[in-house]
1. What list of ³J(HN,Hα) values in whole Hz, one per residue of the range 286-301 in order, does the Karplus curve 6.51 cos²θ - 1.76 cosθ + 1.60 (θ = phi - 60°) give from phi, with Gly and Pro shown as x?
2. Which one, Phe289, Pro258, Asn310, projects farthest toward the positive side of the charge dipole computed for the range 243-312 from Cβ point charges (K/R +1, D/E -1)?
3. Leaving ligands, DNA and RNA out of it, report the carbon-plus-sulfur percent of the accessible area of the range 172-274 at a 1.4 Å probe.
4. For the range 92-244, give the magnitude of the charge dipole about the Cα centre (Cβ charges: +1 Lys/Arg, -1 Asp/Glu; no others), in debye to the nearest 20.
5. Convert each backbone phi in the range 85-96 into a coupling constant with the Karplus relation 6.51 cos²θ - 1.76 cosθ + 1.60 (shift: θ = phi - 60°), then list the ³J(HN,Hα) values in order as whole Hz, x for Gly and Pro.
6. Per residue, how much accessible area does the chain have with a 1.4 Å probe, in Å²?
7. Could you rank the peptides 113-121, 359-367, 198-206, 248-256 by their average count of other C-beta atoms within 10 Å per residue, with the highest value first?
8. Consider a paramagnetic label point 7 Å from the Cα of Met316 along Cα→Cβ; state which residues of the range 154-174 have an amide N under 13 Å from it.
Amino acid sequence: MPVFVGTGPELMLSNTLPPGLTIGRTHFLSVIPNCQFRSKTSRLKTFTANQLDEIKDPSGLFYILPFQKGYLVNWDVQRKVWDHLFGKEMFKVDFADTSVVITEPYFNFTSIQESMNEILFEEYQFQAALRINAGSLSAHRYFQMNNQELCCIVVDSGFSFTHIVPYCRGKKMKDGICRINVGGKLLTNHLKEIISYRQLHVMDETHVINQVKEDVCYVSQDFYKDMDIAQLKGEDNTVMRDYVLPDFSSIKKGFCKPREEMNFTGKYKTGEQILRLANERFAVPEMLFHPSDIGIHEIGIPEALVNSINNMPEEMQPHFYKNIVLTGGNTLFPGFRDRVYKEVRSLTPTDFQVSVLQPPNPISYPWEGGKLLAENPDFDEMVVTREDYEENGHFICEEKFDI
């Protein structure tokens, strides 16, 4: 019985489906925060993973993350999260009878890979393990559903950074891998800075502002046109939105006021705490397309896609352009897929077909690929068993796992 663990800011876990259930029933998937928390109301108590739901007032929430810049550096926190997940409170994992599929970033440091092997096999004593990139699981999912295609290029835009990775016949093409150091964490932090400078000090409110970002931000199809609209006064400003902040007593979750209820002339009399957002709504996600806007000297996603494909053999390039797959939480911004298509199309020879796929759930897409992989007859050949590890050590993992 495999258990899937997607590492990163959020863990995606599931036991394999009981026999007879159809593939794609995603209610067997649990998506939970991969970190610990302390709240300002109970500083002495530490909450782990999905215990976040127990915190009555998540304002001023302090995050203790096992990951920094996408790499696993705090093993103590990660152990506590895994102990909570694998233990009696959640999955009740029988390690001796369980295989684990665990994701990690491209070109992960050897020291981190070796620590991971030791913890999985020596501490938890899993029966078998497969360490793999999330993008490889996404590519597997894509090729299984589109078995006539030989190539695809995966855009994985997540918490710490964005990876663009070409795959051919299920294998990643390392010459084309591109990383952009812009992810959801950077976008949230930038939005916190803008709001703190313009309206209200929110530098300690990561949890709340992350929700604001997800609720109101979108990717502009014409940045300068939207910027002009955002400067208009009153009802002519169709970009402007009023966001009601939660007070965690009567308002548990923030929300966007309906357009017809917005007050364009004065203050609200309801006593709600309001954030008025205009160009922030599209200027923050714009960093994914123009990192140089905030001084990061890197190209944006469309240029990186074209650059990556241009590093591939010429005869393969048309196949990549017509099989672009978007995964990761940042791809959920409204307008993201259309903007990627529009800009890649403008940078591509006119005789090439361009097709951009955004899965219904780009966050769980790698998990869907992992589930299909576990049902593959070759799965047992891909994993390293505990016996293999005890006999050959790190060498066998290095040989089998293509990180």
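The values are calculated or read from the model by the stated rules, or taken from the named source; none is laboratory data. Note that the structure is predicted; figures quoted are calculated from it, not measured. Positions of Cβ are backbone-derived with ideal geometry, glycine not excepted, and every protein chain shown enters the neighbour counts. Heads up: the accessible areas ignore ligands, DNA and RNA and are worked out on the full protein's heavy atoms, side chains in. Shrake-Rupley method; radii C 1.70, N 1.55, O 1.52, S 1.80 Å.
1. 4, 4, 5, 9, 9, x, 5, 4, 10, x, 8, 7, 9, 7, x, 4
2. Pro258
3. Working: 2900 of 5940 Å².
Summing carbon and sulfur atoms, their accessible area is 49 percent of the total for the range 172-274.
4. Values: 15 positive and 21 negative charges, 97 e Å.
Dipole size: approximately 460 debye.
5. 6, 7, x, 5, 5, 10, 8, 6, 6, 8, 4, 5
6. Values: 19210 Å² over 403 residues.
Computed with neighbouring chains in place, this is 48 Å² per residue.
7. 359-367, 113-121, 198-206, 248-256
8. Under cut-off, by backbone N: 154, 165-174.
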